[in-house]
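The values are calculated or read from the model by the stated rules, or taken from the named source; none is laboratory data. Just so it is clear, the model here is predicted, and its values are computed rather than measured. Please note: Cβ atoms are built from the backbone with ideal geometry, for glycine as well, and neighbour counts cover all protein chains shown. Just the protein is used for accessible areas: all its heavy atoms, side chains included, with ligands, DNA and RNA removed. Shrake-Rupley method; radii C 1.70, N 1.55, O 1.52, S 1.80 Å.
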Amino acid sequence: MSKILEKSINTGAVFVQQQIGNKLFLDYLKKFGFDSITGIDLPSEIKPSIDNLTKKDTRDIYYATASYGHGITLSSIALLRSYGIIANNGYTIDPYVVEAIITPDGKKEKINRSEIKPEQVISSDAVKKITDMMVNVVKGGYGKNAHVDGYLIAGKTGTADIASKGGYSQDTIQTFAGFFPAYNPRFVMMVRLDKPLYGVSASSTVTLTFRNLVKFLINYYNLPPDKDAL
């Protein structure tokens with residue numbers, strides 16, 4: 001499984017999906033929020049769609065292609081939330097932008113948020129195994145351009161064909177998402193490029209920007225190196 005993630009092997013993703021079965025696969029998509037908005041305090045959030053997988057006559061091929069991202073739609077914040085669940089030791093998170101409002105006279109008004117108890121999506125043992133795999137993606141897989149010496153970063157590339165006229169065009173959306181420090185996460189990030197003019201895959205484009213952002217945060221917050229990375 002680690003090699004499947006390191007080299008972004010679509011057929012490997014299909015194999016894994018077939019091993020766990022359609023029902024369990026769909027259950028986990030829902031647990032990770034692939035069918036619901038995040039509720040973030042920004043206007044016009046688009047709801048993700050996994051409608052292809054919820055119809056009575058859904059064929060196995062739709063589950064197979066969904067295993068590597070085709071046939072379903074997901075907003076950037078919804079995708080980032082799923083990475084956040086892994087970074088949060090397997091528990092759900094509710095992303096937000098505004099923590100408080102400061103009035104002209106300097107009074108700070110904290111935003112009241114509904115106290116929704118986090119739900120456990122995957123076990124801490126599963127989190128550890130997935131994190132190990134994602135670290136290997138950055139160490140020696142297609143995410144190696146995001147590597148920063150002395151720090152362990154967990155991440156995954158994504159190169160998606162853009163749907164067009166009942167099929168897919170030659171244009172792509174390229175993403176790299178991840179979190180760091182890998183085993184004590186403080187930041188979850190994603191870099192996305194729509195229809196990049198250069199670079200056929202995420203490994204040669206967004207990984208570089210991700211690395212620059214990591215370096216900036218390391219310097220800004222004066223983060224010490226990871227002992228295990230030295």
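Annotations for the structure displayed:
- Breaking point among (1) assigned to a helix (DSSP H, G or I); (2) at pLDDT below 90; (3) of a type in the set (S, T, N, Q), for residue 114: (1)
- Residue selected from the range 91-132 under the condition of a type in the set (A, V, I, L, M, F, W, C) and farther than 30 Å from residue 26 by Cβ, by the criterion most open to solvent (accessible area, probe 1.4 Å): 102
- Every residue from the range 181-197 that is hydrophobic (A, V, I, L, M, F, W, C) and crowded, with 16+ Cβ neighbours inside 10 Å: 182, 187, 188, 189, 190, 191, 193
- Counting the residues of the range 35-57 that are crowded, with 17+ Cβ neighbours inside 10 Å and either more than 19 Å from the chain's Cα centre (by Cα) or in a helix (DSSP H, G or I) (or both) gives 2.
- Some residue of the range 165-175 being within 30 Å of residue 41 (Cα to Cα) and free of Cβ contacts under 8 Å to residues at least 12 places away in the same chain: no
- Filter result for residue 25 (surrounded by 15 or more Cβ atoms within 10 Å (Cβ to Cβ), of a type in the set (Phe, Trp, Tyr) and closer than 19 Å to residue 134 by Cβ): no
- Check on residue 156, of a type in the set (Lys, Arg) and over 19 Å from residue 5 (Cα atoms): no
- Yes/no for residue 54 being within 19 Å of residue 173 (Cβ to Cβ) and among the β-branched types (Val, Ile, Thr): no
- Residues being under 16 Å from the mean Cα position of the chain (by Cα) and not in a helix (DSSP H, G or I) - total across the range 6-33: 3
- Any hit, the range 30-53, residues being out of contact with any Pro (no Cβ under 6 Å at 6 or more places or on another chain), of a type in the set (Phe, Trp, Tyr) and more than 30 Å from residue 112 (Cβ to Cβ): no
- Members of the range 148-204 found to be among the acidic types (Asp, Glu) and either in a strand (DSSP E or B) or in contact with a Gly (Cβ under 8 Å, 6 or more places away or on another chain) (or both), listed by number: 161, 171, 194
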